[in-house]
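The values are calculated or read from the model by the stated rules, or taken from the named source; none is laboratory data. Here the structure is a predicted model, which is why all the values come from computation and not from measurement. Please note: Cβ atoms are built from the backbone with ideal geometry, for glycine as well, and neighbour counts cover all protein chains shown.
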Amino acid sequence: MKHKLRRIAPAVAMLALAGARCLAADSTPAAAAPEAAVWQQHHESFTYEGFTARYTCDGIEGKVASILSYFGARKDMQIKASGCPRGPETLSRTIWVTADFYTLGTAAADSPPGALVQSQWTPFKLNGQYPFFMGPGDCELIDSMRALLTHNFRLRNLDYDVSCTPYQETFVDFWFKGEVLKSSAKATSTG
């Protein structure tokens, strides 16, 4: 009897694994239909005031560029930071950031065909552990960038929570997830 059970147990495990794979495949949403969009230019400013994390001006420029790129901004963005009185590589608690960038917006009916960009809704998540360039100390930065992100990108199904505690870092201080309209070429690179 024990000999038969040893043969049956692996077979049952394989069937269970195959069933789980089928369920996972069925729960995966179908790829969204592409839609036409156009690039729209934005000029935004915000002030970062950090109690917990300090950045260099160079560092915050890079971090903001990474976040905007992750959300689908075009690569030709210009990010400038000021407020580092001892130079761009010294830490500061208060930094003024200006950003010139392009994001995808709704295409008008009379948009020229050459201006249209194929795009699709792409899931995103941003927290203290994901994507790789984010950390638990970035809570105050995400809080400072909220208006910039929500007003300049086409977003839907948002779940946004920020509860930064001064002088404390945890991985659960913030999360920002939903879907963003990205060019179809960029849509495959987001997790």
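Observations, loosely collected:
- Pairing each residue of the range 42-69 that is under 30 Å from Ala185 (Cα atoms) and among the hydroxyl-bearing types (Ser, Thr, Tyr) with any residue that is modelled with pLDDT of 95 or more and part of a strand (DSSP E or B), provided the two are 6+ apart or on different chains, yields C-beta distances under 6 Å for Ser45/Thr98.
- Answer from Leu155, Leu149 - the residue that is modelled with pLDDT of 95 or more, under 12 Å from the mean Cα position of the chain (by Cα), farther than 20 Å from Gly62 by Cα and buried (at least 18 other Cβ atoms within 10 Å of the Cβ): Leu155
- Residues that are in contact with a strand residue (DSSP E or B) (Cβ under 7 Å, 6 or more places away or on another chain) and not aliphatic (A, V, I, L, M) were ranked within the range 147-162; the one that is farthest from Leu181 (Cα to Cα) is Asp161.
- Taken over the range 29-48, the criterion of being farther than 26 Å from Gln120 by Cβ and either modelled with pLDDT under 95 or small (Gly, Ala, Ser) (or both) is satisfied by Ser45 alone.
- Flag: Thr98 does not match the condition of being over 23 Å from Gly178 (Cβ atoms), exposed (fewer than 13 other Cβ atoms within 10 Å of the Cβ), of a type in the set (Val, Ile, Thr) and out of contact with any Leu (no Cβ under 9 Å at 6 or more places or on another chain).
- The condition of being in contact with a His (Cβ under 6 Å, 6 or more places away or on another chain) and of a type in the set (S, T, N, Q) holds for only one of Asn157, Asn127, Asn152, that being Asn152.
- Some residue of the range 117-126 being of a type in the set (Gly, Ala, Ser) and either under 19 Å from Ala147 (Cα atoms) or touching a Phe, Trp or Tyr at 6+ places or on another chain (Cβ under 9 Å) (or both): no
- Only one of the numbered conditions (1) among the basic types (Lys, Arg); (2) at pLDDT 75 or above; (3) loosely packed, with under 10 Cβ neighbours inside 10 Å is violated by Lys63, and that is (3).
- Residue in the range 113-120 that is surrounded by fewer than 17 Cβ atoms within 10 Å (Cβ to Cβ) and touching a helix residue (DSSP H, G or I) at 6+ places or on another chain (Cβ under 7 Å) present: yes
- The set of residues in the range 31-56 being of a type outside the set (A, V, I, L, M) and crowded, with 21+ Cβ neighbours inside 10 Å consists of Tyr48, Gly50, Tyr55.
- Counting the residues of the range 29-82 that are hydroxyl-bearing (Ser, Thr, Tyr) and under 16 Å from the mean Cα position of the chain (by Cα) gives 3.
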